[in-house]
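Worksheet: one structure, shown below.
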Amino acid sequence: MANSSTSPTAILTNLLEADATLATQEAEITIQLEALREKRQSLKTVIDLFSTTTAPATSTQAATALSASKPPATAAPKPTATPEATAASTAAPEPATAPEPTATRGRQATKATKKPRQSRNWQDYLQDPFRQTSLPVAITTVFQQQPKQLLSVPDLINAIFTAEIPQDVRNKARDRMLNILSTGAKDGQWFRGKKGQYSLTKAAAEGSR
């Protein structure tokens, strides 16, 4: 008599258990990865802050040093106060202060016309309520706000990310979100409906089929 442990049913059960274990491990690694990315993003924000606050100070110091190094203007002695000399002095008075250095003006103009950065990381385009959360938590929050609604991936992207997100970055976020939604559906966090839609309510998902 064949051993029951090697029957097709037992093998299928073992495979399903292994798949569930891998799904759980994948979700845990995903959460850890999101946390690391958030820490890195926070570090980048601090670096940008220091870069922004130190640049003007450097420009001011350079302008001050350049002004201090310029010798003061001295008036030439006037041998005779003729009408012609008086008229020339009145028409073209010497500036009281040194002109702003060209290098400083160039840096200020560059800063004023600098275009907004186009980041390649979808974390930089999260809306304010989700900037301090991981993507799985953000998805869960949106589902909890609309528990009886069927939400597609575009619906979730529009709710979580800003409208300025570039198309290629949006595609990366979509692929990441599809993986999270698939894992969450297997774990029973939400339910899959038709046409790639999901809902926090099982009745809503089954009603769409």
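Of note:
- In region 1-23, the residues that are closer than 23 Å to residue 185 by Cα and open to solvent by 70 Å² or more (accessible area, probe 1.4 Å) form no Cβ pair under 6 Å with any partner that is aliphatic (A, V, I, L, M) and modelled with pLDDT of 80 or more, whether six or more places apart or across chains.
- Among the residues of region 192-204, those that are under 30 Å from the mean Cα position of the chain (by Cα) and not basic (Lys, Arg) comprise 196, 197, 198, 199, 200.
- For region 187-197, the count of residues that are surrounded by fewer than 15 Cβ atoms within 10 Å (Cβ to Cβ), modelled with pLDDT under 90 and in contact with a strand residue (DSSP E or B) (Cβ under 8 Å, 6 or more places away or on another chain) is zero.
- So residue 160, is it surrounded by 12 or more Cβ atoms within 10 Å (Cβ to Cβ), of a type in the set (Val, Ile, Thr) and under 18 Å from residue 28 (Cα atoms): no
The values are calculated or read from the model by the stated rules, or taken from the named source; none is laboratory data. Model, not experiment: these values are computed from the prediction. Every residue, glycine as well, gets a Cβ built from its backbone with ideal geometry; the counts of neighbours run over all protein chains shown. Side chains are part of the model used for accessible areas, which takes the heavy atoms of the whole protein and leaves out ligands, DNA and RNA. Shrake-Rupley method; radii C 1.70, N 1.55, O 1.52, S 1.80 Å.
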